[in-house]
Amino acid sequence: MKPRIAIPLPHGGDPEYALRAIPQYERAVELSGGQSVRIPLDRPPAEVMKMIEQCDGVLLPGSKADVDPAKFGAEKHAKTEAADPKRDTVDELLLQDAYNMRKPVLGICYGLQILNVYQSGNLLQHIESRINHEAGRTVPIAHNVSIEPGSKLAEIVAGAESCRASLDRTAEGGCPSMSMPANSSHHQAAGDVIGDGLRVVARCPDDNVIEALEGTSPDHFVLAVQWHPERSFDDDFRSRALFGALVDAARKKHEELRSDFEGQSAASSASSSKHSR
């Protein structure tokens, strides 16, 4: 059985945008060996939770909205877009389940931002830089990102066979440093407060803007990037590797949950049999 990846509709107030955007994410998951599960934003929380509980992993996609700055105790910047309460409610339900059950999470663009805020971090509401971080909307590459050596993200990218040739060795210690192109399309980013249990693992080297976060728990796959690997899935092995890592982690979680369920069922049956004698 393929691992089931929950993907919320990208936007709760613009159905045309949402239905245009989500197929790219679904296709990337399915071509990576997973089964995408579209999570609606207009259902009661109890109904949404029933859908979420049947999934093995979470993909938080991009959005045209911005996270409500009240969620991280800030006043709204003049260039901050309107919030999307429906999307935020579903994202928070997804993250609550993912953290409770240790299900893998991949956040993309807005997905990184809501993840950081959910974990009590804050956001830079508008990037002021000579680097155009929104260029990915119109060009294949907005800028490069530098990836932290020893991070899960570095391991995923380096594990893609064709990427090995792009590794450089730093002058000190022989640790690998990695740079890769990114099709960033964002005007906000993680701010100076990084969420609990998260760490910075990639930045734009030209202005230090944060481009990726990952979880600090070795037994829980949590990764979020500010660029859009779903758009470059066909052309870039690194993009495919990110989705592949999510699906692989979800497959392992599926097997773990199934084993736990079977163990509980066996114990329950044994107990019932004992008491019926």
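The values are calculated or read from the model by the stated rules, or taken from the named source; none is laboratory data. Since we're looking at a predicted model, the values are computed, not measured. As a convention, Cβ positions derive from the backbone with ideal geometry for all residues, glycine included, and neighbour counts pool all protein chains shown.
The residues in the range 100-116 that are assigned to a helix (DSSP H, G or I) and either over 21 Å from Ile52 (Cβ atoms) or within 13 Å of the chain's Cα centre (by Cα) (or both) can be counted, and the count is 7.
In the range 81-96 there is no residue that is in contact (Cβ under 8 Å) with a residue 12 or more places away in the chain, closer than 24 Å to Asp236 by Cα and either out of contact with any strand residue (DSSP E or B) (no Cβ under 7 Å at 6 or more places or on another chain) or buried (at least 22 other Cβ atoms within 10 Å of the Cβ) (or both). Taken as a whole, the range 153-168 holds at least one residue that is surrounded by fewer than 18 Cβ atoms within 10 Å (Cβ to Cβ) and modelled with pLDDT of 90 or more. As for the range 119-132, it holds at least one residue that is surrounded by fewer than 24 Cβ atoms within 10 Å (Cβ to Cβ) and within 14 Å of the chain's Cα centre (by Cα). Counting only residues that are in contact with a Gly (Cβ under 9 Å, 6 or more places away or on another chain) and either of a type outside the set (Val, Ile, Thr) or modelled with pLDDT under 95 (or both), the range 233-251 holds 9 of them.
Of all residues in the range 204-240, those satisfying the criterion of being in contact with a helix residue (DSSP H, G or I) (Cβ under 7 Å, 6 or more places away or on another chain), farther than 17 Å from Arg102 by Cα and in a loop (DSSP other than H, G, I, E, B) are Gln226, Trp227, His228, Pro229, Glu230, Arg231, Ser232, Phe233.
Residue by residue, here is whether (1) crowded, with 21+ Cβ neighbours inside 10 Å; (2) at negative phi; (3) of a type outside the set (S, T, N, Q); (4) modelled with pLDDT of 95 or more holds:
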position	(1), (2), (3), (4)
Pro181	no, yes, yes, no
Asp196	no, yes, yes, yes
Val201	yes, yes, yes, yes
Asp207	no, yes, yes, yes
Ala212	yes, yes, yes, yes
Trp227	yes, yes, yes, yes
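Being in a loop (DSSP other than H, G, I, E, B) and in contact with a helix residue (DSSP H, G or I) (Cβ under 8 Å, 6 or more places away or on another chain) is a property that Val201 lacks. Once the range 1-34 is narrowed to residues that are of a type in the set (Asp, Glu) and under 19 Å from Asp91 (Cα atoms), the residue that is surrounded by the fewest Cβ atoms within 10 Å (Cβ to Cβ) is Asp14. When the range 67-80 is filtered for residues that are within 23 Å of Gly136 (Cα to Cα) and either in contact (Cβ under 8 Å) with a residue 60 or more places away in the chain or aliphatic (A, V, I, L, M) (or both), the ones remaining, listed by number, are Val67, Ala78, Lys79, Thr80.
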